[in-house]
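Enquirer: The following block contains the structure, expressed as structure tokens.
The values are calculated or read from the model by the stated rules, or taken from the named source; none is laboratory data. Values in this document were obtained by computation on a predicted structure and should not be read as measured data. Glycine gets a Cβ as well: all are built from the backbone with ideal geometry, and neighbour counts include every protein chain shown.
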């Protein structure tokens, strides 16, 4: 049995229900320790302070902190540049033009004027380029070839550029959008850019309209210009005819002759439309007169199946449809009133 008496601190601990450690062993006394009936809190503080005074002074310890979670190793930045990177100077000899740039014609007088401005004020807007995968350190122009050409004429050695990773479709679309917004493309260049998106990347007219912020009828009208003879296309390129003139000439029996007259007499679009319509009516009248010299064909009686098919096609297209059938052979006639209606029919038939 252990006869070692308990210290005062242990007695207070038992009363108060808190563990209190004494600073040193107390020698047993012959006089029993007097314990007050209610130990005041102040007495507890005195004992605790006394205990602390006997202990060796310790520097204040910071509160324990939870271990920080392990951080994953830093990942290298992706190769693709951000959508809005800051421009930086690029040596002008490391930049080359895009051979598929929609804009082909650059007016020398305008380039000289821009070069003079750049020589005085610098290039105020950076060009957009992309890295060339097959030629490290070199860049291809996506937008801003006119500024790049003028900067060379001004004798600059570097040009501010924004570098972005772009695929072929994005390059062509951005080139078209940038030039269309600036009205730098002539109508034929614009139409050829749209046609390239269709031929090379299988874009529909609606896809292109959504990308460049134009209506689908506008895209269709521009594409229709490419069906004109090459001589008329040249007249539109150099500004002798507008896109409106060209669209009016499309319906004329003699597009080349009407184009020459419109350019020579400086006719308005409305005048060209009237001449084209009159020439078309005269041609159709001549055909009708030629047919009148031949015995009239007996009227063809349509069966119920043919009439039902006419109604079905008319409802589907929203246009009047006539079926002429002669013993299993014949033709389907679709009447339209505007070029937009005709384009809609072509789009539905072609699945565009």
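Enquirer: Check whether at least one residue in the stretch 125-141 is modelled with pLDDT of 85 or more and assigned to a helix (DSSP H, G or I), and report yes or no.
Expert: Taking every residue of the stretch 125-141 in turn, none turns out to be modelled with pLDDT of 85 or more and assigned to a helix (DSSP H, G or I).
Enquirer: Give the residue, chosen from 242, 268, that is at pLDDT 90 or above, within 26 Å of residue 184 (Cα to Cα) and touching a helix residue (DSSP H, G or I) at 6+ places or on another chain (Cβ under 8 Å).
Expert: After applying the criteria, what remains is 242.
Enquirer: Let me ask another. Considering only residues of the stretch 310-327 that are assigned to a strand (DSSP E or B) and either at pLDDT 80 or above or not assigned by TED's automatic domain parsing to the domain that holds residue 340 (or both), which is farthest from the chain's Cα centre (by Cα)?
Expert: Going through the qualifying residues, I end up with 324.
Table: residues versus (1) part of a loop (DSSP other than H, G, I, E, B); (2) in contact with a helix residue (DSSP H, G or I) (Cβ under 9 Å, 6 or more places away or on another chain); (3) modelled with pLDDT of 90 or more.
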position: 98; (1), (2), (3): yes, yes, no
position: 101; (1), (2), (3): yes, yes, no
position: 106; (1), (2), (3): yes, yes, no
position: 146; (1), (2), (3): no, yes, no
position: 149; (1), (2), (3): no, yes, yes
position: 152; (1), (2), (3): no, yes, yes
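Enquirer: Would it be correct to say that residue 159 is buried (at least 22 other Cβ atoms within 10 Å of the Cβ) and within 24 Å of residue 194 (Cα to Cα)?
Expert: Taking the combined requirement at face value, the residue does not satisfy it.
Here's the yes/no breakdown for (1) assigned by TED's automatic domain parsing to the domain that holds residue 106; (2) surrounded by 13 or more Cβ atoms within 10 Å (Cβ to Cβ); (3) under 16 Å from residue 279 (Cβ atoms):
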position: 233; (1), (2), (3): no, yes, no
position: 237; (1), (2), (3): no, yes, no
position: 243; (1), (2), (3): no, yes, no
position: 250; (1), (2), (3): no, yes, yes
position: 256; (1), (2), (3): no, yes, yes
position: 259; (1), (2), (3): no, yes, yes
position: 263; (1), (2), (3): no, yes, no
position: 266; (1), (2), (3): no, no, no
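Conditions tested, residue by residue: (1) more than 34 Å from the chain's Cα centre (by Cα); (2) at pLDDT below 90.
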{"site": "210", "(1), (2)": "no, yes"}
{"site": "246", "(1), (2)": "no, no"}
{"site": "252", "(1), (2)": "yes, yes"}
{"site": "306", "(1), (2)": "yes, yes"}
